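In what follows, a structure is listed as structure tokens, so that the remarks can point back to it.
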Amino acid sequence: MPFRFRLQRIYDVRRKEEETLKNDLSKINEKVENTQRIIQQLSAEKKRIESNFLHKKVLRKEDLLNMEMQMMFYEEEIKKSKVNFLN
């Protein structure tokens, strides 16, 4: 009969808890990476729009309004990504 540690059940429970925590941490890390990637993509798109706007030689009122709406959209999406991450 193999040796059975006197506190084997406690050890097994703790080991299972540790595995659960490792899995949870892995999921959280994945969520962090995904959120960071989304925020980087949104920020890059926002910068691209700003850059395109700054390089225009002729600016119309519609262009300004369109850019403002696009900037607000991307800022809002970035905020949503941050809030979704916290939930």
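Before moving on, here are some points about what is shown:
- Since only Phe3, Leu59, Ile38 are under comparison, the one whose Cα sits farthest along the positive direction of the charge dipole of the chain, derived from C-beta charges on Lys, Arg, Asp and Glu, is Phe3.
- Subtracting the Cα-Cα distance of Asn29 and Lys61 from their residue separation scaled by 0.36 nm leaves 7.1 nm.
- For the chain, the list of trypsin sites (Lys or Arg not before Pro) that fall in a loop by DSSP and count at most 14 other C-beta atoms within 10 angstrom reads Arg4, Arg6, Lys56, Lys57, Arg60.
- Just the protein heavy atoms count here, and of the accessible area of the chain at 1.4 Å, carbon and sulfur take up 56 percent.
- Loop sites by DSSP among the chymotrypsin sites (Phe, Trp or Tyr not before Pro) of the chain, restricted to those with at most 12 other Cβ atoms within 10 angstrom, leave 6-87 as the longest stretch without any of them.
- Computed from Cα atoms, the angle from the helix 8-54 axis to the main principal axis of the chain rounds to 10 degrees.
- Degrees, to the nearest 10: 61-86 long Cα axis against longest axis of the chain: 10
- Read-out mean projected area of the Cα convex hull in nm², derived from the coordinates shown; its label in [x] 8.1; [y] 8.7; [z] 9.9: [x]
- Relative contact order %, the chain, counting alpha carbon pairs below 8 Å whose residues are six or more apart: 39
The values are calculated or read from the model by the stated rules, or taken from the named source; none is laboratory data. Note that the coordinates shown come from a computational prediction; the quantities given were computed from them, not determined experimentally. Cβ atoms come from the backbone with ideal geometry, glycine included; neighbour counts cover every protein chain shown. Protein only, heavy atoms only, side chains kept; ligands, DNA and RNA dropped before computing areas. Shrake-Rupley method; radii C 1.70, N 1.55, O 1.52, S 1.80 Å.
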